[in-house]
Amino acid sequence: MAISSESDTRQNAESRARIVARLRETKKAKGKAHTLSVLSQPVLPKFVEREQGKTEAFVARAEALSCRFLTEGKTEKKTVAKVIAKSSVSKVLRDFLATRRGKKALPLLLFDVLEKSYWQRLGILKNVEGCCRPTEVSEEVEGGDFEATPFPAFSLQRAVCAIAETGTLVFANRTRAQALLTFLPTVHIVLLAERDIVGSLEQAFVRVPSSAAGLWACHLVSGPSRTADIEQKLHMGAHGPKELVVLLHR
Amino acid sequence: MTSVSSGKSFHDDAAAALQNPSLQAALDKAGAGFLATRSRAFASIENAQALCEAAERVRTRAVHDMADLLLLFEQRARAQGVSVHWAETAEQARSIVLALCAGKRRIVKGKSMASEEIELNEALLQAGAEVVETDLGEYIVQLAEEIPSHIIAPAVHKTRAQIDALFRHHHGGRKTPEGRVRSSQTLVEEARRIIRKKFLRAEVGITGTNMLIAERGAALLLTNEGNGDLSAIMAERHIVLAGIERIVASEKDAAAVLRVLARSATGQSLGTYVSLYGGTGRGTDGTEKPRKDMHVVLLDNGRSAMHGGPWHDMLRCIRCGACLNHCPVYTSVGGHAYGWVYSGPMGKVLSPLLAEAGTDARLKRRVAALPHASSFCGRCVEVCPVGIPLTSLMRKLRNRHFERPQGIKGWKTRLGCLGVRLLFAHPRLYRSLLALALRLLKLAARGKGHVGRVAWLPGIGGWTKTRDLPVNRSARAAITLLDDV
Amino acid sequence: MTERTPSKVAVPIAVPIAVLATCLADALRPETVRATCTLLARLSSKRKPPALPKRQTCCGQILYNAGDRKGAASQALRVIDLFEPFQAVVVPSGSCAGMLKRHYPQLLAGTPHARRAQAFARKSWELTEFLHLFRPRTQQPETQHKPPDKSLPPLTWHDSCSCLRECKSSTSCARSLLAARGVRLHEASEREVCCGFGGKFSIANSAVSTSMADDKLARLQQSGAKLVASADLGCLLHLAGRARRRALPLSFVHIAELLVEQKPLPTIGA
């Protein structure tokens, strides 16, 4: 790559030196060095401090953002019903997928190869057969691999936590393959443990591992992809998923 | 692509914009929505003021310590395998990106005002690459060969009919009956289909960033469509273009800014996708070859010159667009009249300052008069979540014009002011001239058909062209009149 | 935005007060200045009219907004010199009052006159703020409800931007004065949006300014009002001039002239 040649590096160093010098020269430096974060205590919206029932708050906000929670019953309105037993995750997912079975070929269900054993333990991979085609995505995946199926129907992914403040699901993706699961499919299906619901943005960031611990990218997802670029009319599924489906378990 | 504007001044372009019916229709549709959603978003939190103050503190400190934070960012990012490039000028930034794109042809782009600022697309196209803007609004604007007219909603000036026509022209396909405009849903679907193909085959993804987080060495990207993320993920090379003032210290600080950013911009509490990118996607065992590489280009282009000076406060801007949405001038004429990528009140301050750092003399002249195009109503200051004193900054820019007049208009203003100063220093002279002027005004108001008003007056033709001037019937100033009683 | 309504109620005042007529009213609308003086005289214990210093010209905002900071600063100093002997300076315009209250201290900050400017800012008043604060006891809305004034056409109130954002209490003061006068307001929508005057802006950016005026006039008409009152002559001249040109059935009046209760009601440009 041309950029790593000797002269370019020198130019980079010179530019850096000049920019930093200009910023330093004018900096009205007073007092001692700062702590890294300017806010010793985060300033939270009042409702965050007040909310005790985090699950309820999270579910309400996420639903307002067009997230869909799968339940065991048919049309349960209560939040409690949206928290399902871990043992029934597999069945609930199967029931959902069964309603979406394609007419011709079975739709794809993408999952991360590194999570394979986890999904197997939950019995999901076996259980959903017949409703869809579970397909593992590994790090070797390229965009070109999807040219035949540019819009894979489903993906299955675990959220690292969720934020009650904003109704947001948090994904700490270690590989590009994992990130693909978040953005490529039409329906993004997410598994979330109730104990992983946190109150605020700050609390969520604490749960996101550092790059040194293997993180590649972190994604805070609040509802399905959307756009209002045409006459301010809101539409789901601009480029990312059209639906965000949550399996919230105990 | 960057056909900036047709006219040579804000004045001309604004007048043309007011005569453009489809633009006016689009602006009318957009207007109220932005305001209502923003005010709802802030009304729903009791301590909105405190949240804004926290964000302001974060930004103030980040701008103050910009040098140290940038160096920390670079150090952390490098340690994670990210390359960091420093660009002093637009030209330098362009050549860095061009070098990174050498030999690659298919480029997808997420929304980036910095890339508009350095006119990157033009350079990439010239180098023979295929560049696709992937934010729907940006994509529309790119097809129309225009520049964004709003920093948050780039195609806000386009009507559905215009977009339909653009898509038909560029996407080909079958024709639908004349006069039938497709639904926005259909148009979104069509763009999704076409751009998805571009994502899958992309070699380089270029995005902007909302914040660089020093502590984590990561770039934060906020989108609603997910296009920025697909740009970052799908291609093997991800280039982030960032103005140096995008820096913040930590995630905690970023959270404080995030709380007011989306609320101010679109009335959302967060924005659909907030992503942190700061690594190369190594295998989990750490031995595998990185499958992606990431580059951050730090763009100065006049920003460091603003630091510590009279325009320092402007560096705090988080590009939420609230000042645009609440500006009566912006909502009347749209973004293109401002002649460059930044519009509305923030553009009136930022454009002249950034243009000065560049080499484009025409652009410099074009945007120099922007600070004068304000009625100083002050609504922008009221809604700015990070407390930027936009009107004061515009006044300071006007002051600089006064001190260093440019062109005939500049000198006219200066001479006018010097004349006014003279009158103010000599109240008696002021009184006699005023008395004379009032008598003349009364004579002028005697014309048939418009008794008691003046329909045309030299010197204030800008007023009388569209408005009468109600005159003082007694033809005597209040001070003299009341003194006599 | 917090709106503070001065709640203190004073006895008829005996302090020496002066009126800064403002250059616009001085030259184009002496009726407003006269009404201002009349209103202030009514507040005084001996019906003594306020002082109207003859050497006054303008608050200097015209220079300030044109970019002539130095010229504005020296004009500010001149105004302070002239009006300093008085206990209160009353200005029948939100924009000029804002200049005295907000911008003089900024203009003279760092000069030997900084403190004077701050003290001067504290005793400068927008007319409606002053009238409300020192209103006679008989005008207490809680003690007396004046029957609606049937002689008035349906009336709406235009908040000038400087009243809204630089003299924040005046928007509620004006409304309460009008209520005491027996006026029921037909409130317009989007009252916080600028009418497009902006001094030199209205001339240099005529097209945009006019379009803003048209938007404002449309909203004022939608309110069902036939008469528009405001505390800023700049906005009124601009809107009245535009309404006249378009022959709209709207007339305009400065609040001072409305509160004097003169008959027939004098309107701008009539």
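The values are calculated or read from the model by the stated rules, or taken from the named source; none is laboratory data. Please read these numbers as outputs of a predicted model, since none were measured by experiment. Cβ sites come from the backbone with ideal geometry, for glycine too, and all protein chains shown count toward neighbours.
What is the one condition in (1) outside any strand (DSSP E or B); (2) modelled with pLDDT of 95 or more that B:ILE206 does not satisfy? Just one mismatch for B:ILE206, condition (1). Scanning the stretch A:160-194 for residues that are surrounded by 24 or more Cβ atoms within 10 Å (Cβ to Cβ), among the small types (Gly, Ala, Ser) and more than 12 Å from chain B (Cβ to nearest Cβ) yields a single hit, A:ALA162. Inside the stretch B:220-256, residues that are more than 7 Å from chain A (Cβ to nearest Cβ) and over 21 Å from the mean Cα position of the chain (by Cα) make up a count of 8. Output the number of residues of the stretch A:195-204 satisfying the condition of being out of contact with any strand residue (DSSP E or B) (no Cβ under 8 Å at 6 or more places or on another chain) and within 11 Å of another protein chain (Cβ to nearest Cβ). Final tally of qualifying residues: 1. Just so you know, in the stretch C:142-201 the residues that are among the aliphatic types (A, V, I, L, M) and in a helix (DSSP H, G or I) include one that is surrounded by the fewest Cβ atoms within 10 Å (Cβ to Cβ), and it is C:ALA179. Listed conditions (1) assigned to a helix (DSSP H, G or I); (2) touching an Asp or Glu at 6+ places or on another chain (Cβ under 8 Å) are all met by A:HIS188, apart from (1).
The listed residues are B:GLY103, B:GLY33, and the only one of them that is at pLDDT below 95 and either assigned to a loop (DSSP other than H, G, I, E, B) or more than 9 Å from every other protein chain (Cβ to nearest Cβ) (or both) turns out to be B:GLY103. If you check B:LEU370, B:LEU363, B:LEU350 for being crowded, with 23+ Cβ neighbours inside 10 Å, away from chain A (no Cβ under 14 Å) and in contact (Cβ under 8 Å) with a residue 60 or more places away in the chain, only one passes: B:LEU370. Exactly one residue out of C:LEU250, C:LEU236 is more than 8 Å from every other protein chain (Cβ to nearest Cβ) and closer than 19 Å to C:THR128 by Cα, and it is C:LEU236.
Scanning the stretch A:205-225 for residues that are outside any loop (DSSP other than H, G, I, E, B), without any contact (Cβ under 8 Å) to a residue 24 or more places away in the chain and facing chain B (nearest Cβ under 7 Å) yields one hit, A:PHE205. Against the conditions (1) among the polar types (S, T, N, Q); (2) more than 8 Å from every other protein chain (Cβ to nearest Cβ); (3) under 30 Å from B:LEU415 (Cα atoms), B:THR331 satisfies every one except (3). Give the residue that is farthest from the other protein chains (Cβ to nearest Cβ), with candidates limited to residues of the stretch C:216-233 that are charged (D, E, K, R) and crowded, with 24+ Cβ neighbours inside 10 Å. Looking at residues that are charged (D, E, K, R) and crowded, with 24+ Cβ neighbours inside 10 Å, I get C:ASP232.
For (1) of a type in the set (S, T, N, Q); (2) in contact with a strand residue (DSSP E or B) (Cβ under 8 Å, 6 or more places away or on another chain); (3) surrounded by 13 or more Cβ atoms within 10 Å (Cβ to Cβ); (4) at pLDDT below 85, each residue gets a yes or a no:
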residue	(1), (2), (3), (4)
A:ALA17	no, no, no, no
A:VAL20	no, no, yes, no
A:LEU23	no, no, yes, no
A:THR35	yes, no, no, yes
A:LEU39	no, no, yes, yes
A:PRO45	no, no, yes, no
A:GLU51	no, no, yes, no
A:PHE58	no, yes, yes, no
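When the criteria are applied in full, A:GLU165 fails the requirement of being part of a loop (DSSP other than H, G, I, E, B) and at positive phi.
Residue-by-condition table, conditions (1) at the interface with chain A (Cβ under 7 Å from one of its Cβ atoms); (2) assigned to a helix (DSSP H, G or I); (3) touching a residue at least 12 places away in the same chain (Cβ under 8 Å); (4) crowded, with 22+ Cβ neighbours inside 10 Å:
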site: B:ALA50; (1), (2), (3), (4): yes, yes, no, no
site: B:ARG61; (1), (2), (3), (4): yes, yes, yes, no
site: B:LEU72; (1), (2), (3), (4): no, yes, yes, no
site: B:HIS85; (1), (2), (3), (4): yes, no, yes, yes
site: B:ALA123; (1), (2), (3), (4): no, yes, yes, no
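Would you mind stating whether C:SER211 is assigned to a loop (DSSP other than H, G, I, E, B), more than 18 Å from the chain's Cα centre (by Cα), within 12 Å of chain B (Cβ to nearest Cβ) and over 24 Å from C:LEU127 (Cα atoms)? Considered against the rule, which asks whether it is assigned to a loop (DSSP other than H, G, I, E, B), more than 18 Å from the chain's Cα centre (by Cα), within 12 Å of chain B (Cβ to nearest Cβ) and over 24 Å from C:LEU127 (Cα atoms), C:SER211 comes out as no.
Tell me yes or no: at least one residue of the stretch C:79-92 is over 29 Å from B:SER432 (Cβ atoms) and in contact (Cβ under 8 Å) with a residue 12 or more places away in the chain. Yes, the stretch C:79-92 contains a residue that is over 29 Å from B:SER432 (Cβ atoms) and in contact (Cβ under 8 Å) with a residue 12 or more places away in the chain.
Note on the stretch A:37-74: residues that are within 12 Å of chain B (Cβ to nearest Cβ), in contact (Cβ under 8 Å) with a residue 40 or more places away in the chain and not in a helix (DSSP H, G or I) total 6.
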